[in-house]
Amino acid sequence: KHCYDNYANNCFGKDRLKPISGACSDDFMGLALTMIDAMDTMHIMNLTEDFDRATVYVSNMTMDPDRDVSVFETTIRVLGGLLSAHALSHNDVFKSKAVELANGLRPAFTSPLPCGHVNLYWGSARQDF
């Protein structure tokens with residue numbers, strides 16, 4: 001709770017809080033990574049105020065930043081976080097945002113081997129090897 005409170009007080013809506021400098025960073029995905037990844041924990045721990053604040057933020061997000069994102073990290077941390085939040089809360093906003101994000105990730109799976117990165121805005125995918 002202490003760590004998330006520091007993130008929420010200083011970097012809410014950003015990907016992460018850098019613990020040493022205290023700086024906020026959106027350099028990973030620009031999809032509120034820390035918050036979405038923590039929503040299942042918030043729900044399980046009955047941190048209702050934090051969960052409700054995050055829910056409002058997610059409901060106003062678009063899932064298509066104009067940047068290349070890691071398909072793996074986006075799938076496990078953001079898509080997984082949205083689906084977990086939906087499974088626990090039954091709030092359809094999470095399902096809707098998960099579908100929006102999954103549609104953005106789809107171009108990564110149109111080649112014989114999945115691509116490592118995809119631009120969620122343009123739908124362009126690229127291999128890393």
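Within the range 88-113, being free of Cβ contacts under 8 Å to residues at least 24 places away in the same chain and either in a helix (DSSP H, G or I) or within 21 Å of residue 15 (Cβ to Cβ) (or both) holds for 92, 95, 96, 98, 99, 102, 103, 106, 107, 109. In the range 98-115, the qualifying residues are those that are open to solvent by 20 Å² or more (accessible area, probe 1.4 Å) and under 17 Å from the mean Cα position of the chain (by Cα), and the one that is farthest from residue 44 (Cα to Cα) is 106. When residue 58 is evaluated against the numbered criteria (1) in contact (Cβ under 8 Å) with a residue 12 or more places away in the chain; (2) out of contact with any helix residue (DSSP H, G or I) (no Cβ under 9 Å at 6 or more places or on another chain); (3) of a type in the set (Val, Ile, Thr), which criterion, by number, is the only one it fails? It is condition (2) that residue 58 fails. Among the residues making up the range 48-67, those that are open to solvent by 70 Å² or more (accessible area, probe 1.4 Å) and of a type in the set (Asp, Glu) are 49, 52, 66. The residues of the range 40-68 that are under 19 Å from residue 104 (Cβ atoms) and aliphatic (A, V, I, L, M), listed by number, are 58, 61, 63. Among the residues of the range 66-99, those identified as more than 25 Å from residue 127 (Cα to Cα) and touching a Leu at 6+ places or on another chain (Cβ under 6 Å) are 94, 97.
Here is a yes/no grid of residues against (1) part of a helix (DSSP H, G or I); (2) without any contact (Cβ under 8 Å) to a residue 40 or more places away in the chain:
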| position | (1), (2) |
| --- | --- |
| 7 | yes, yes |
| 22 | no, yes |
| 36 | yes, no |
| 41 | yes, yes |
| 49 | yes, yes |
| 53 | yes, no |
| 66 | no, no |
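The values are calculated or read from the model by the stated rules, or taken from the named source; none is laboratory data. Quantities reported herein were computed from a predicted structural model and do not represent experimental measurements. Positions of Cβ are backbone-derived with ideal geometry, glycine not excepted, and every protein chain shown enters the neighbour counts. Please note that ligands, DNA and RNA were not included when accessible areas were found on the heavy atoms of the full protein model with its side chains. Shrake-Rupley method; radii C 1.70, N 1.55, O 1.52, S 1.80 Å.
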